[in-house]
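Read through the structure below, which is laid out as structure tokens, and then see the notes.
The values are calculated or read from the model by the stated rules, or taken from the named source; none is laboratory data. Keep in mind that what you see is a predicted model, and the values were worked out from it rather than measured. The area values use the complete protein model at the heavy-atom level, side chains included, leaving out ligands, DNA and RNA. Shrake-Rupley method; radii C 1.70, N 1.55, O 1.52, S 1.80 Å.
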Amino acid sequence: MPKLAKSENDMVHSQPTMCLHCHLVVEMFHERGADPAKGAWQCPRCEHKDPFTHWKIKKQTREKPEAA
């Protein structure tokens with residue numbers, strides 16, 4: 001397992017998520033305060049980085065509820 005240069009308090013961990021590169025379910029991480037445009041989630045197993053811009057974030061509003 002690769003060593004992390006930063007302490008655990010400086011990292012933000014995701015919910016268990018499948019890495020798109022190694023296909024293992026892991027807790028991805030990134031540095032606290034990462035730039036939303038240039039930052040990325042990193043896999044702790046294979047060290048693959050998925051840029052934040054590749055993840056779709058849906059905002060729910062009262063006017064347009066999500067379809068079931």
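In this structure D35 has an accessible area near 70 Å², from a 1.4 Å probe over the protein heavy atoms. A cut-off of 5 Å between modelled amide H atoms, ignoring neighbours fewer than 5 places along the same chain, links L24 with C19. Estimated at 0.36 nm per residue, the fully extended path between N9 and L24 surpasses their Cα-Cα distance by 3.0 nm. Taking all protein chains together and a 1.4 Å probe, the residues F29, F52 rank F52, F29 from largest to smallest accessible area.
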